[in-house]
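J.: Here's a structure for you.
The values are calculated or read from the model by the stated rules, or taken from the named source; none is laboratory data. No experiment lies behind these values; they were computed from the predicted model shown. Every residue, glycine among them, receives a Cβ derived from its backbone with ideal geometry; neighbour counts consider all protein chains shown.
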Amino acid sequence: MEKLMADLKRQIIEQLNLKDLKPEDIGDDQPLFVEGLGLDSIDALELIVLLQQEYKIKLASAEEGQSVFRSVRTMAQYITEHQPKTV
Amino acid sequence: MQHITTYSTISGNAASKDGTVLFEEQSLSPQEFLLSLYKYLQVDYPKYYKMDNLCKLGFLATEILLQNRNVAEEYGKAGAGVVLSNANASLDADIAYFETVKNIPSPAQFVYTLPNIVIGEISIRHGLKGENAFFVSEDFDAAWLEFYVNDLFKRKTIDCCIAGWVDFLGGSYKAVLYLVENRSTERSLPWKTEHINKIYELANGKVNG
């Protein structure tokens, strides 16, 4: 889980073009939206693309995104539970 | 009669207010300099990290301009306007976005591919809902800026205006912002082309050579 969260922080910075941030600037439980990292609905699209590209996961519904994208930890938990098993 | 009651400049890796250098760091790239300035100003605004270079520049120049001021409270949210201009529109963000198109187009970068987005970011930060406009011209046009801002005041659509030049492309950038108000102070200057130009020229370094 720790490695996955570290990977996610790096990928979020890259995907959202947050060049001035370092992975260590993002807390595991820091809210990603509004008062936390300041992300908005456009960025939610980017996170959906990130899940599809990097982890082959498609969200079942837009509503699901609100809980999945709450923090890096909730994203990592969702990925762990939903990532397709490789043979 | 409108007056320039305060002004800010960011260029040549130096940031100034009313002609006094607040922060300077020559050894950094423009992007690194802006990040250092953000930290120096102790601004806590996570959305800053998402912005493109043009928005970061305009955002920081406004932070300096409006230090110890709350124009939305002083003039009402609709009473403060923003009129900006530059030479390169949003070309810096356009190029960055174009790079992503080769793979998967980035919505987060696409939203910055208009120059007036910087006005939006400034307005959100300072709660401004007044008249606004963004003009693109090859060179800084002080006479046009004087005329346009004066016209807004004459029509009584605004009582205060953040006006000026915010330009960023690659390694070149320059921001010069004026706070224009319907009052004079001991140190204010009339909102006239000659004073607008004089302050613009004070900013060291030149965009477009």
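J.: All but one of (1) touching a residue at least 12 places away in the same chain (Cβ under 8 Å); (2) within 14 Å of chain A (Cβ to nearest Cβ); (3) closer than 13 Å to B:I162 by Cα hold for B:H126; which doesn't?
T.: The failed condition is (2).
J.: Within segment A:44-61, can you find the residues that are within 18 Å of B:A108 (Cβ to Cβ) and of a type outside the set (A, V, I, L, M)?
T.: Correct list: A:E46, A:Q52, A:Q53, A:E54.
J.: Out of the residues in segment B:148-166 that are over 14 Å from B:G76 (Cα atoms) and of a type outside the set (A, V, I, L, M, F, W, C), which is nearest to the chain's Cα centre (by Cα)?
T.: Ranking the qualifying residues of segment B:148-166, first place goes to B:G164.
J.: To continue, here is another question. Specify which of the listed residues (B:L28, B:L34) is within 24 Å of B:T113 (Cβ to Cβ), of a type outside the set (F, W, Y) and not in a strand (DSSP E or B).
T.: Checking each option against the conditions leaves just B:L34.
J.: On to the next question. Could you check how many residues of segment B:38-52 are touching a residue at least 60 places away in the same chain (Cβ under 8 Å) and closer than 16 Å to B:S106 by Cα?
T.: Residues meeting the conditions: 2.
J.: Counting only residues that are surrounded by fewer than 19 Cβ atoms within 10 Å (Cβ to Cβ) and of a type in the set (G, A, S), which one in segment B:74-88 is modelled with the highest pLDDT?
T.: The qualifying residue modelled with the highest pLDDT is B:A87.
J.: Checking A:Q11 against (1) within 17 Å of A:A76 (Cα to Cα); (2) polar (S, T, N, Q); (3) at pLDDT below 90, which test does it fail?
T.: So A:Q11 meets the others, but not (3).
J.: If a residue must be hydroxyl-bearing (S, T, Y) and within 14 Å of B:I119 (Cβ to Cβ), how many such residues does segment B:46-101 contain?
T.: The number of residues fulfilling the criteria is 3.
J.: Would you check which residues across segment B:88-118 are more than 11 Å from chain A (Cβ to nearest Cβ) and in contact with a helix residue (DSSP H, G or I) (Cβ under 8 Å, 6 or more places away or on another chain) and list them?
T.: B:S90, B:D92, B:T113, B:P115, B:I117, B:V118
J.: For a quick check of your reading: which helices (runs of 4 or more DSSP H) sit entirely within chain A and have at least 2 residues that are within 13 Å of chain B (Cβ to nearest Cβ), in contact (Cβ under 8 Å) with a residue 24 or more places away in the chain and acidic (D, E)?
T.: The helices (runs of 4 or more DSSP H) meeting that bar are A:41-55.
J.: Would you pick out the residues in segment B:173-209 that are modelled with pLDDT of 95 or more and small (G, A, S)?
T.: Within segment B:173-209, B:A175, B:S188 meet the criteria.
J.: Is it the case, given these coordinates, that A:G27 is surrounded by 12 or more Cβ atoms within 10 Å (Cβ to Cβ) and at positive phi?
T.: no
J.: Here are some residues: B:V82, B:V43. Which one is β-branched (V, I, T), within 30 Å of B:H195 (Cβ to Cβ) and in contact with a strand residue (DSSP E or B) (Cβ under 7 Å, 6 or more places away or on another chain)?
T.: B:V82
J.: What about A:S67, is it at pLDDT below 95, exposed (fewer than 15 other Cβ atoms within 10 Å of the Cβ) and closer than 14 Å to B:P107 by Cβ?
T.: The answer is no for A:S67.
J.: Keeping to segment B:37-54, report how many residues are assigned to a helix (DSSP H, G or I), hydrophobic (A, V, I, L, M, F, W, C) and within 12 Å of chain A (Cβ to nearest Cβ).
T.: 1
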